[in-house]
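Only one structure is covered here, and it is reproduced in the block below.
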Amino acid sequence: MSGVIFRKVLVANRGAVAARVIRALRQMGIASVAVYSEADRGLPYLAEADEAHAIGPAEPQQSYLNQPALLQVMREAGCDAVHPGYGFLSENASFATAVQAAGATFIGPSPRWIEAMGHKTRARDLMAQYGMPLAPSTGVLAAMDEAALAQARAIGFPVLVKPAGGGGGIGMLPARDEAELIKAFAQAASVATRSFGSADLYLERLIEQPRHIEFQILADRHGHACHVFERDCSVQRRHQKVIEESPAPNLPRAEVEAMAERVATLIGGMGYDVIGTVEMLYTPELGFMFLEMNTRLQVEHAVTEAVCGIDLVQAQIRLAAGALLADVVPAAIAPRGHAIEARIYAEDPVRFFPSPGLLDRFDLPPAIDGLRIETGYAAGARITPYYDPMIAKLIAHADDRAGAIERLARALRDTQIAGVKTNIPFLLRALAHPDFIAGRVHTGLAARILETPVAQPT
């Protein structure tokens, strides 16, 4: 195996992803260093790490986003690498640069790629130079003045107002006419400033009910890149994914595979490294359209792992250490069966508002063949309002899609959570909805599911 493997890695995150990275490090024989805020003291995965260090108060800015504190733990613990997980500082180029300046390795793409892809309009401009198809959009708009309204008319209503420096669906607002656009622009600017520290906004043509397809990329630091198939992430609420699956159902395989190869060739030609995901919209009429590139491990990475047999976290670590792609990814891989992931959130199952509270009961089904469970919580833990309300992920794998749906639905029914509301009722409704069962998925499906009456027992 080429590349130098690390001795000790700081896991600069929390919850399910911290537990996942700690497990991968243990399997690789690498020591792990966890950090925790005051709100997360006592979470079960902290005991799985070789070391655990307090990092600050519950507020993210004072703990998981506190770069000086994280770097101090890294130095004091003698870490030679940092894994950022997803969210928080995972796509922060200044943090990646600071880690490198301190003599450690940032387990992710080089800072220049994080910077290049982190600003959505600059990333779109870059991808356009390489011939990637795009939906009509504007550059960053200084204000919603007559010139901006003219650009909106040029790309055509309805439009989507989007923060240029953000992600995760935060701050994205639709507008179907100019009056709505003026209001949405002001609201989105406020949210973007509060969430991302930047009020930069741009407009993108709102594609009605597209598919959301993403391609998983792995790349080494020697100019080689490959794709590890696609994931369908179309079932979303508030522009945030809740159900993901692979392979994407009801799409022409030749078209999907051609785009996957095109993406991998483009990314390799750019010199991109380590790990990333190219997210795209798709309609039968327009085909694939570039949306954004995430320069990190994805929440839904386990879906790909289930169908391809590659541990993406271990691959990410080895590639960041300098390994050759050929030593990490087999020369010939093919998707095996079908996998579906459901994200369990502590939230109202209809309005999707967060539901913080104490987990009086947290009984997840046993991990059996074909069912994987990822969480950072246990009974007695508290879901606080400070962080994302996702409390677990269930990933079902089977020989075919119908089997995966049935296995996932059974696991969700066997999950017993008390003390907080969860979105499990919505997830079960989604898995039982005729459109989902038939593979007729799109980004508007969640609304249709909520509009469909729940069948009453006879």
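The values are calculated or read from the model by the stated rules, or taken from the named source; none is laboratory data. The structure presented is a predicted model; accordingly, all values stated were derived computationally and were not measured. A quick note on method: Cβ atoms are made from the backbone with ideal geometry, for glycine too, and the neighbour counts reach across all protein chains shown.
Taking region 324-367 as the region of interest, how many residues are crowded, with 18+ Cβ neighbours inside 10 Å and in a strand (DSSP E or B)?
Going through region 324-367 one residue at a time, the tally reaches 10.
State whether the residues of region 272-285 include one that is within 21 Å of the chain's Cα centre (by Cα), outside the structural domain of Leu173 (by TED's automatic domain parsing), in a loop (DSSP other than H, G, I, E, B) and not acidic (Asp, Glu).
Quick first cut of region 272-285, residues within 21 Å of the chain's Cα centre (by Cα) only: 272-282.
After this cut, where a residue has to be outside the structural domain of Leu173 (by TED's automatic domain parsing) as well, the list is 272-282.
Restricting the remaining residues to those that are in a loop (DSSP other than H, G, I, E, B) gives 272-273.
Among the residues that remain, those that are also not acidic (Asp, Glu) are: 272.
There is at least one residue in region 272-285 that is within 21 Å of the chain's Cα centre (by Cα), outside the structural domain of Leu173 (by TED's automatic domain parsing), in a loop (DSSP other than H, G, I, E, B) and not acidic (Asp, Glu).
Given the structure, is Val303 touching a residue at least 12 places away in the same chain (Cβ under 8 Å), out of contact with any strand residue (DSSP E or B) (no Cβ under 6 Å at 6 or more places or on another chain) and surrounded by 22 or more Cβ atoms within 10 Å (Cβ to Cβ)?
Values: touching a residue at least 12 places away in the same chain (Cβ under 8 Å): yes; out of contact with any strand residue (DSSP E or B) (no Cβ under 6 Å at 6 or more places or on another chain): no; surrounded by 22 or more Cβ atoms within 10 Å (Cβ to Cβ): yes.
No.
Read through the list (1) out of contact with any His (no Cβ under 9 Å at 6 or more places or on another chain); (2) part of a helix (DSSP H, G or I); (3) of a type in the set (A, V, I, L, M, F, W, C), then give the number of the only condition that Ala58 fails.
Single failed check for Ala58: (2).
From the list Tyr64, Tyr36, which one is closer than 30 Å to Ser195 by Cα, among the aromatic types (Phe, Trp, Tyr) and either part of a strand (DSSP E or B) or in contact with a helix residue (DSSP H, G or I) (Cβ under 6 Å, 6 or more places away or on another chain) (or both)? Lay out the reasoning, then the answer.
Values: Tyr64 fails: either part of a strand (DSSP E or B) or in contact with a helix residue (DSSP H, G or I) (Cβ under 6 Å, 6 or more places away or on another chain) (or both).
After applying the criteria, what remains is Tyr36.
If Ala18 meets every condition in (1) crowded, with 17+ Cβ neighbours inside 10 Å; (2) over 25 Å from the mean Cα position of the chain (by Cα); (3) farther than 18 Å from Gln72 by Cβ; (4) not charged (D, E, K, R) apart from one, which number is that one?
If we test Ala18 against (1) crowded, with 17+ Cβ neighbours inside 10 Å; (2) over 25 Å from the mean Cα position of the chain (by Cα); (3) farther than 18 Å from Gln72 by Cβ; (4) not charged (D, E, K, R), just (2) comes out false.
Output the number of residues of region 62-76 satisfying the condition of being free of Cβ contacts under 8 Å to residues at least 60 places away in the same chain and surrounded by fewer than 23 Cβ atoms within 10 Å (Cβ to Cβ).
Number of matching residues: 10.
Determine whether region 47-60 contains at least one residue that is of a type in the set (A, V, I, L, M, F, W, C) and touching a Cys at 6+ places or on another chain (Cβ under 6 Å).
Checked region 47-60: no residue is of a type in the set (A, V, I, L, M, F, W, C) and touching a Cys at 6+ places or on another chain (Cβ under 6 Å).
Mind checking which pairs have a first residue in region 370-392 that is more than 23 Å from Gly167 (Cα to Cα) and a second that is polar (S, T, N, Q), Cβ under 6 Å, 6 or more apart or different chains?
none
From the list Ala455, Ala447, Ala411, Ala367, pick out the single residue that is closer than 23 Å to Pro44 by Cα and modelled with pLDDT under 95. Step through it out loud before you land on a result.
Details: Ala455 fails: closer than 23 Å to Pro44 by Cα; Ala447 fails: closer than 23 Å to Pro44 by Cα; Ala411 fails: modelled with pLDDT under 95.
After ruling out the rest, the residue left standing is Ala367.
Just wondering, is there one or more residues in region 332-341 that are in contact with a Phe, Trp or Tyr (Cβ under 7 Å, 6 or more places away or on another chain) and more than 20 Å from Leu445 (Cα to Cα)? Reasoning before the result, please.
Pass one, region 332-341, residues in contact with a Phe, Trp or Tyr (Cβ under 7 Å, 6 or more places away or on another chain): 335.
When the remaining residues are screened for being more than 20 Å from Leu445 (Cα to Cα), the result is 335.
Looking for residues that are in contact with a Phe, Trp or Tyr (Cβ under 7 Å, 6 or more places away or on another chain) and more than 20 Å from Leu445 (Cα to Cα), one finds at least one in region 332-341, hence yes.
Do we find a residue being surrounded by fewer than 24 Cβ atoms within 10 Å (Cβ to Cβ) and either in contact with a His (Cβ under 6 Å, 6 or more places away or on another chain) or under 30 Å from Leu364 (Cβ atoms) (or both) anywhere in region 77-87?
Within region 77-87, one or more residues are surrounded by fewer than 24 Cβ atoms within 10 Å (Cβ to Cβ) and either in contact with a His (Cβ under 6 Å, 6 or more places away or on another chain) or under 30 Å from Leu364 (Cβ atoms) (or both).
For every residue, the table says whether it meets (1) without any contact (Cβ under 8 Å) to a residue 24 or more places away in the chain; (2) in contact with a Phe, Trp or Tyr (Cβ under 9 Å, 6 or more places away or on another chain); (3) within 18 Å of Ala339 (Cβ to Cβ); (4) not acidic (Asp, Glu).
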| residue | (1), (2), (3), (4) |
| --- | --- |
| Ala396 | no, no, yes, yes |
| Glu406 | yes, no, yes, no |
| Ala409 | yes, no, yes, yes |
| Pro425 | no, no, no, yes |
| Leu431 | no, no, yes, yes |
| Ala438 | no, no, no, yes |
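Has region 248-260 got any residue that is touching a His at 6+ places or on another chain (Cβ under 7 Å), in contact (Cβ under 8 Å) with a residue 40 or more places away in the chain and in a helix (DSSP H, G or I)?
If we filter region 248-260 for residues that are touching a His at 6+ places or on another chain (Cβ under 7 Å), which is where we start, we get 260.
Add one more test, that the residue is in contact (Cβ under 8 Å) with a residue 40 or more places away in the chain, and what stays is 260.
If we keep only those that are in a helix (DSSP H, G or I) as well, we get 260.
Taking every residue of region 248-260 in turn, at least one turns out to be touching a His at 6+ places or on another chain (Cβ under 7 Å), in contact (Cβ under 8 Å) with a residue 40 or more places away in the chain and in a helix (DSSP H, G or I).
Name the residues in region 169-198 that are part of a strand (DSSP E or B) and not aliphatic (A, V, I, L, M), would you? Can you show your working first?
If we filter region 169-198 for residues that are part of a strand (DSSP E or B), which is where we start, we get 173-175.
Result: Pro174, single match.
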